[in-house]
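Just below is one structure, and these are the notes that go with it.
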Amino acid sequence: MLSGPSLHPRTNRSPPESRKIADGRSNTNSNVKKIQIITDGACVGNPGPGGWAAILRCGNREYELYGYAPNTTNNRMELTAAIESLRALKEPCEVEIVTDSEYVKNGITQWIHNWKRNGWKTSSKKPVMNSDLWRELEQEASRHKITWSWTRGHASHEDNNRADELANTAAREQRASKSTVVCE
């Protein structure tokens, strides 16, 4: 069972205030919004209580989105962070997703094609782990133009470190963010 999703605007890392700025629309002739999403997942024990988090940046507005699951794995929380952050976008967008999970990045950009071709089986004919979430992620991603980027976890990426902090807090405290509006 997952709790969330919900989110709140981010200002100086403390909810719920938000900065007033541009609406995030691209400078091109299209009206497609450009969004940057930084995701992370965490688990206290693996399996154990888990948390997921994302920072969504739309123009100069930033939102923090996080939630939890009482008994899960780290990989499921990494996937859930990507799914829930994309689900929070109310219209098709041009999205950059930054993740510290090679499992998520490689799974959605490379491995998923063979999994689908093989009937959701791995090359060794075993069922794909977390196929329910991979299918949800593929569905949510299909609405957007997405670029997937990898960053080293627990390094010098400030937003990834903040997402890690939020995911770990959500896992330990089993709590979720409150607001549900993003990039309107």
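A simple spin-label model places the labels of ASN106 and LYS145 2.9 nm from each other, with each point 7 Å out along Cα-to-Cβ.
For THR169 and ARG135, compute 0.36 nm times the residue count separating them, minus their Cα-Cα distance, and round to one decimal in nm.
Values: separation 34, 0.36 × 34 = 12.24 nm, distance 2.71 nm.
Difference between extended and current length: 9.5 nm.
Measuring nothing but how far apart in sequence close Cα pairs (under 8 Å, 6+ apart) lie, relative to its length, region 7-173 scores a relative contact order of 27 percent. The residue list THR169, ALA82, ASN46 was ranked by how far each Cα lies along the charge dipole of region 7-173 toward its positive end, using unit charges on Cβ atoms, and ALA82 comes out on top. Label sites at ASN114 and LYS126, each approximated as a point 7 angstrom past Cα along Cα to Cβ, lie 1.4 nm apart.
Beyond 22 Å in Cα-Cα separation lie the following of the pairs LYS121/LYS145; LYS34/LYS116; LYS90/LYS145; LYS105/LYS145; LYS145/LYS178: LYS121/LYS145; LYS34/LYS116; LYS145/LYS178.
Taking region 7-173, how much of its Cα-Cα pair set, in percent, is spaced more than 19 angstrom apart? Walk me through the intermediate numbers first.
Values: 7682 of 13861 pairs.
Cα-Cα pairs in region 7-173 separated by more than 19 Å: 55 percent.
To the nearest 0.05, what FRET efficiency results for HIS154 and LYS178 with a Förster distance of 30 Å applied to their C-beta separation? Present the calculation step by step, with values, prior to reporting the outcome.
Values: r = 27 Å, r/R0 = 0.91.
Calculated value: 0.65.
Throughout, read-outs are computed from the coordinates displayed, never taken from laboratory work. Since this is a predicted model, take the numbers as computed values, not measurements. FYI the Cβ positions are ideal-geometry reconstructions off the backbone, even for glycines, and counts take in every protein chain you see.
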